[in-house]
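Read the figures in this text as sums done on the coordinates, not as results from a lab. Computed from a prediction, not measured in an experiment: that's the story for all the values here. Cβ coordinates were reconstructed from backbone atoms using ideal geometry, including for glycine residues, and neighbour counts include every protein chain displayed.
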Amino acid sequence: MPTVTLLPASTNPTGEARFAWYQFNKRPKAIYAIQHRDGEWESPGISFADFDRFKLVKRPLDWKQGPPPRWFADQELFRDVLLKYIERRYYAFGRGDRYRPLETASLPERIANIKSLVIDSILPLRFKLLRLEKELAEAVADGESDKRIARLCSLIQGVDSEICIAERGPLAIIAAVVYLSYAMNWTSVGVAEELGLRPPFVRQVLNRMNRTWRMMTGEQRVSRYTDGGMMFGKILPPWDKEKLERLRTMRALNIPHWRCARAFGVSNASVRFACHHYIEDPCPGHRAAVRWTPEKLEQARQLREFGKTFKEVAEIMKLKYASTVSMALKNYGVTVQGARKR
C-alpha cells in the first residue's frame, strides 16, 4: 500500500505556493528491470552506474494549470475534501442506518464507515465481473459484432479496476495521487507509473476532487482555462465558430446532447463541454447543476424549520424539483429540527 509523507512547502519570490527543490530530483522509475513469466527481462538497457554519470537536463518546473488548489495547501481542508469525495464515490449518503450527518460524525466514524462501504462493495463487484465474463464468452461463441465484444471488454476492465482500487484502499491511493500531482508536480503518466494506475484515472481523480471542492464551497479552482488564464476564451478543436453556431441552433430545438454528438462525430462529453464553456446552452435540461452555497443551504434549512415542504422550498428558491432540495440537505449534512415531511 503506498504511503504519503508531507514535506514542508516553500515560497517563491512571486508569492505563489511552491515546494522545496529536493522534491524534484529524479524521474520516477527511470531505470527498471522486470522479469516476465516466460523468463524474459524488460529493461531500458542502462544500469544505475550509467545513470549516475548522465548529465540530466531538466525543463524549468512550473504549474501547468496554475498553482495548487487552496484545499490542498491546508491539511484539514484536504482531509475534508478527500473524505467527502470517497463518501460520494461509494454512495455513503442515504444508506439507511449508515448515514450520519457530517456535522455530527467524527473523523474516526467517517473513516470506519468508508472502510465498511469499500469492503461491502467488493463482493457485488466480483459477481458483476463474473457475469460480464460469462456474457463475453457467450458473445464470442455466438459470433456477435466486434462493437459488442469491445464494449464488454471495456466494462470488464472498469469493474476489475474498481475491485483493485477497493482492495488496495481508495483513501491511500487517492491521497497519493493528489500529493504526487500537486506537491511533486508529476504528470499523470509519472503518477500512474509510480502507483500502478492508468493516466486517465489520475486525471479523473484530480478533476473530481476539484469538483467536490467546488460543490462544497462554490469556489472555482484557478487554472489556465479560468478567467485570466492563457487558455481562457479560446476555442479548442474540434470546435470552431460555425460548429458552435450550429450546436446552439440544435440545442435551441431541444435536440439532446447525444444526438448532437452523433451529428458532429464527437463524444457526448465534448458536446457538454462546448455547451458549458463556449455557448449559453438555450436548453440546459432538467439536470442542470445547482451550486449550493452556505447561504442557500441556510435558507433551505430555515424554510424547512418554518414548516415548508420540499416542494414549497423549491418554489420559493426557484428550483424545478423538490428532490434537489432534499438531496442537498442530506448530502451536505444539514440537520433540520422539527421539519414536516412532504
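The table for this structure:
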{"quantity": "Tensor-based shape of region 235-288 (alpha-carbon gyration tensor, a/c under 1.5 rounded, otherwise prolate or oblate)", "calculated": "rounded"}
{"quantity": "Computed E for Lys311/Ala141 - FRET, C-beta separation, R0 51 angstrom, nearest 0.05", "calculated": "0.45"}
{"quantity": "Simple label model, 7 Å out from Cα along Cβ direction - Arg246 to Arg148, nm", "calculated": "3.3 nm"}
{"quantity": "Two-site FRET efficiency, Asn254 against Ile31, from Cβ-Cβ distance with R₀ of 51 Å, rounded to 0.05", "calculated": "0.35"}
{"quantity": "Those aspartates and glutamates that a straight Cα-Cα span of less than 16 Å connects to Lys234, excepting residues fewer than 8 apart in one chain", "calculated": "Glu242, Glu245, Glu280"}
{"quantity": "Label-point gap, in nm, between Phe127 and Asp74 - each point 7 angstrom along Cα→Cβ", "calculated": "4.3 nm"}
{"quantity": "Packing-based exposure ordering (other Cβ within 10 Å, fewest first) of Asp240, Asp160", "calculated": "Asp240, Asp160"}
{"quantity": "R0 of 25 Å, Cβ-Cβ distance Lys115-Leu155: FRET efficiency to nearest 0.05", "calculated": "0.40"}
{"quantity": "Spacing of the two label points (7 Å from each Cα toward its C-beta) at Arg272 and Tyr91, in nm", "calculated": "1.8 nm"}
{"quantity": "Partners for Lys296 among aspartates and glutamates (Cα-Cα distance below 18 Å; same-chain residues under 8 apart left out)", "calculated": "Glu103, Glu219, Glu305, Glu312, Glu315"}
{"quantity": "18 Å Cα-Cα reach of Lys311 towards aspartates and glutamates, excluding residues that sit fewer than 8 places from it in its own chain", "calculated": "Glu298"}
{"quantity": "Stretch gain in nm, segment Lys134-Ser47, where the contour uses 0.36 nm per residue and the Cα spacing is subtracted", "calculated": "26.8 nm"}
